[in-house]
Each structure stands twice: as C-alpha cells, then as structure tokens.
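Notes follow once the structure below has been shown.
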Amino acid sequence: MPSCSRLFWSIIICSVIAGCDSRPQFRSTDITGASYGKTLELTDHTGKPRRLEDFRGKAVVLFFGFTHCPDVCPTTLAEVAAAVKTLGAEAERVQVLFVTLDPERDTEQVIGDYVRAFDPRFVALRGDAAATQRVAKDFKIYYEKRKQGETYTIDHSSQSYVMDAQGRLRLLVRHERIGQDLAADLRMLLREAP
C-alpha cells in the first residue's frame, strides 16, 4: 500500500500547487513579459506629442488600423467601446489608443473625428511614415499598402494589445474575441492595479 499512499499524496500536492498559482487566468492571450511593445512616440489627434508613459495609471487598449478600413477597424473599435462601457465607473481607468497605419490620409482632424464617433474618451495617434513604421515594428504589426482601383487600401494585423496600469504589455486580444473577452480581462487587470 505504500505506493498507493505515495500516489495519493503526489496528486494532492500537484493539485495544491496548481490551485495556488496566483497568476490571473485571462481569456485573451497572456503575453506578460514580452520583449516587444515597449515604446510608442506619436502625436495625438489634438497635435500633442504622446508616449506610452503618458497613460501610466490606466489600463491601455491599443489598436492599429486606418479610417478607410471597411470592416475590421470599425468593428473592433465599436466592440472595444462596448466592452469599456460595461465597466461603468471603472471605464475612467482605461484608455483606448488607436494608431493609424495610414498617415497619408489620416490627418489629425480625420482620426480625431473617427475615434470620437466610437467614444469621446478614445485617443487617436499618428506619425509620419517613419514613425508609423517604427511603432508598428515594435508592436509586431504587419501592414502593407495595396492598390485598389484608383486608390489604395491597407492590409494589416488585426489584434489589439492591452497594457496594465504600470505600462507593461500584458495581453494580445484577437479581433474576433474582443466582444467576448475584453471586458472580463480589463476587470481583472483593474483589480491588480495599485
């Protein structure tokens, strides 16, 4: 019987250790400790230079897109707005940032009007082509300008990122999961905040 006893205690100890894991169990992909997504230096839709550090103290939802995007961008921003709204008063502790990948067409006025249509608290960010490329590279965002008739479109990655109040990159949220996962994940992050 000693081997049964050893097996019993092994199971108990493993269960206790697994149950004591104090890390949050996010619905989105937990990328805490990622080596990328550390810097962002762009201008907001009011002309003010912005850095990630400006938003410390709030959870940040970061999405890259463009205003002429026909589907993913408006859907994502609408779902992010709905998720933030469900937080009630806690929504004041969340900042949504939209980074344009189309600085050629997305002027400060254009991106400001665009994001405010979803929520007046959202902040739109833009830079010149070089700054846009640097930020996209740092956050591992693919984007490519493609000719479409007389104009062009931009193919791009569609994930959103979430940073905690200390400015650490924590979550990667797939665009098709924002409606189901973002609000719960934000609540969990906000409970962690000092």
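The values are calculated or read from the model by the stated rules, or taken from the named source; none is laboratory data. The model shown is predicted, which means the values in this text are computed figures rather than measured ones. In this analysis, Cβ positions are derived from the backbone assuming ideal geometry, glycine residues included, and neighbour counts consider all displayed protein chains. These accessible areas exclude ligands, DNA and RNA; they are computed on the full protein's heavy atoms, side chains included. Shrake-Rupley method; radii C 1.70, N 1.55, O 1.52, S 1.80 Å.
Overview of values
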{"quantity": "Filter result (among the acidic types (Asp, Glu) and either out of contact with any Ser or Thr (no Cβ under 8 Å at 6 or more places or on another chain) or closer than 18 Å to Thr76 by Cβ (or both)) within segment 103-159", "calculated": "Glu104, Asp106, Asp113, Asp119, Asp128, Glu144, Glu150, Asp155"}
{"quantity": "Among the candidates Ala129, Ala165, residue that is of a type in the set (A, V, I, L, M, F, W, C) and exposed (fewer than 13 other Cβ atoms within 10 Å of the Cβ)", "calculated": "Ala129"}
{"quantity": "Residue list for segment 65-93, filter: surrounded by fewer than 23 Cβ atoms within 10 Å (Cβ to Cβ) and among the aliphatic types (A, V, I, L, M)", "calculated": "Val72, Ala78, Ala81, Ala82, Leu87, Ala89, Ala91"}
{"quantity": "Residues located in segment 170-188, provided they are surrounded by 22 or more Cβ atoms within 10 Å (Cβ to Cβ), more than 16 Å from Ala81 (Cβ to Cβ) and of a type in the set (A, V, I, L, M)", "calculated": "Leu171"}
{"quantity": "Residues of segment 97-115 classified as within 19 Å of the chain's Cα centre (by Cα), touching a residue at least 40 places away in the same chain (Cβ under 8 Å) and either closer than 22 Å to Glu53 by Cα or open to solvent by 50 Å² or more (accessible area, probe 1.4 Å) (or both), total", "calculated": "6"}
{"quantity": "Any hit, segment 125-142, residues being over 27 Å from Gly47 (Cβ atoms) and within 13 Å of the chain's Cα centre (by Cα)", "calculated": "yes"}
{"quantity": "Qualifying strands (runs of 3 or more DSSP E) (wholly inside segment 37-101; at least 1 residues being more than 20 Å from Ile111 (Cβ to Cβ) and not basic (Lys, Arg))", "calculated": "59-65"}
